Amino acid sequence: MDALFEQLSSVADMALDGRGFDPARLAGVLALFEGEARGSWAVAEAEHEAVARGSEAAVETAQGHLNAVMGAAVGKYRGSSGEADSLSAATAAMELAFKATS
């Protein structure tokens, strides 16, 4: 990128000094800038996608863990109807919340 800035500076100096400004050279330097920008954008987008996939996997793992813990809690308190109903409702609410965020 530094080399591109040097080329652009050279073209700008030529234009300011009035010594043979070449619009085609300016267009070429700008095309190189565009290519560099597109390449950087693609790299950033790929990194973003990788992070997003990692986050989705972490959420799925957390959901599995929560379901296991809640299932164990419901099973433990199944003998008491009132507590089981409360835990069952809480589990359903948590599942709805996770589905809404997925």
Please list, ordered by first then second residue, the pairs with beta carbon atoms under 9 Å, 6 or more apart or interchain, first in region 18-33 and touching a residue at least 24 places away in the same chain (Cβ under 8 Å), second in a loop (DSSP other than H, G, I, E, B). F33/M1
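So which of Q7, Q63 is at pLDDT 80 or above and touching a Phe, Trp or Tyr at 6+ places or on another chain (Cβ under 8 Å)?
Working: Q7 fails: touching a Phe, Trp or Tyr at 6+ places or on another chain (Cβ under 8 Å).
Result: Q63 is the single residue among Q7, Q63 that is at pLDDT 80 or above and touching a Phe, Trp or Tyr at 6+ places or on another chain (Cβ under 8 Å).
The rows are residues; the columns are (1) at positive phi; (2) out of contact with any Cys (no Cβ under 9 Å at 6 or more places or on another chain); (3) polar (S, T, N, Q); (4) surrounded by 10 or more Cβ atoms within 10 Å (Cβ to Cβ).
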residue	(1), (2), (3), (4)
L4	no, yes, no, yes
A24	no, yes, no, no
S40	no, yes, yes, yes
A50	no, yes, no, yes
Regarding region 15-32, can at least one residue be identified that is under 32 Å from the mean Cα position of the chain (by Cα), modelled with pLDDT under 90 and of a type in the set (D, E)? no
Which pairs have Cβ atoms under 8 Å, sit 6 or more apart or on different chains, and link a residue in region 86-102 that is within 14 Å of M70 (Cα to Cα) and β-branched (V, I, T) to one that is modelled with pLDDT under 85 and assigned to a helix (DSSP H, G or I)? T91/V74
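The values are calculated or read from the model by the stated rules, or taken from the named source; none is laboratory data. Not measured: the values here are computed from a predicted model. Using ideal geometry, Cβ is built from the backbone for each residue, glycine included, and neighbour counts are taken over all protein chains shown.
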